[in-house]
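What follows draws every value from the coordinates through simple rules; no lab data is involved. Everything numeric in this text was worked out from a predicted model, so none of it was measured.
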Amino acid sequence: MDLYPWFLFLHILFAVMFFFAHGASLAVAFRLPVERDPKAREALLAITGITIAPMFGGFFGMGVFGVALGVIDSSWKQGWWWLSIILMLGVFVWMMWYSRKFYSPIRKALGVMYISGFANENPASRIYAGREEVDRLIALTNPRLLIWVSFIITALVLYLMTFKPF
Ligand code: HEM
């Protein structure tokens with residue numbers, strides 16, 4: 001049985017799952033600076049808590065089958081394959097850092113559960129830091145930067161996978 005088309009199918013399916021799920025974070029990032037009510041802000045940030053499991057699952061599946069494809073057709077010997085993996089992992093790590101650096105302090109100031117470090121769950125304190133502080137923290141986020149960096153890198157990876165230039 002030729003596993004290649006099945007692995008390709010699963011690689012693409014998991015990629016679709018990842019992008020479907022993470023679209024919610026994109027909407028949250030753009031809506032957060034517009035909302036003023038702390039309860040609405042809290043509800044928005046809870047959305048990314050729902051989509052995090054399919055997002056991680058999609059990314060993991062996409063990676064596993066991408067590596068399996070590279071082993072089957074020996075593309076692991078080519079530069080485009082390694083560069084694609086490095087770029088995707090780079091965005092992933094940058095995003096995790098960005099989430100901890102900019103979104104966790106907003107959750108903390110709202111008094112809800114937030115993640116610090118790799119995956120430390122800090123329980124909700126229910127202590128609201130006040131409107132001005134939360135406004136200040138939200139103003140530090142830059143959803144346009146997130147979109148541009150991720151879009152350019154995703155486009156580059158797609159180019160590398162399609163044209164296999166080196
Ligand atoms: C290839 C593209 C992308 C990858 C691999 C990626 C990956 C990630 C990862 C791993 C996290 C950390 C999740 C966590 O542990 O908290 C994250 C968070 C986040 N991402 Fe992305 N992302 C991508 C594209 C985007 C785009 C285009 C946006 C648009 C604005 C975006 C917005 C966000 C936001 C707002 C968070 C923080 C969510 C929160 O803490 O509630 N991401 N991303």
Open item on the list: Using only DSSP helix segments of four residues or longer, with each worth -39500 (n - 2.57), what per-residue ellipticity at 222 nm results for the chain after dividing by its residue count and rounding to 500?
Closed with: -25000 deg cm²/dmol
- [ ] Starting at the first residue of the range 15-25, write each ³J(HN,Hα) from the Karplus equation 6.51 cos²θ - 1.76 cosθ + 1.60 with θ = phi - 60°, in whole Hz, x for Gly and Pro.
- [x] 5, 4, 4, 4, 5, 4, 5, 7, x, 5, 5
- [ ] Could you pull the Cα extents of the chain along its three principal axes, largest to smallest, in whole Å?
- [x] 59, 28, 24
Task: Relative contact order (percent, whole number), the range 102-166, Cα cutoff 8 Å, 6+ residue spacing - done: 27
- [ ] Pop out the ³J(HN,Hα) list for the range 146-151 in order, Karplus 6.51 cos²θ - 1.76 cosθ + 1.60 with θ = phi - 60°, rounded to Hz; leave Gly and Pro as x.
- [x] 4, 5, 5, 4, 5, 5
Task: Built amide H within the under 5 Å cut-off of Y114, gap 5+ - done: N122
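Decide, for the range 96-160, between rounded, prolate and oblate: order the square roots of the alpha carbon gyration tensor eigenvalues as a ≥ b ≥ c, take rounded if a/c falls under 1.5, and otherwise choose prolate if a/b is larger than b/c, else oblate. Don't jump to the answer; show the numbers that get you there.
Values: a/c = 4.83, a/b = 1.92, b/c = 2.51.
Judged from the Cα gyration tensor, the range 96-160 comes out oblate (a/c at least 1.5, b/c at or above a/b).
Counting alpha carbon pairs within less than 8 Å and at least 6 residues apart, what relative contact order, in whole percent, applies to the chain? Mind showing how you got there, number by number?
On the way: 157 pairs, mean separation 40.1, N = 166.
In percent, rounded to a whole number, it is 24.
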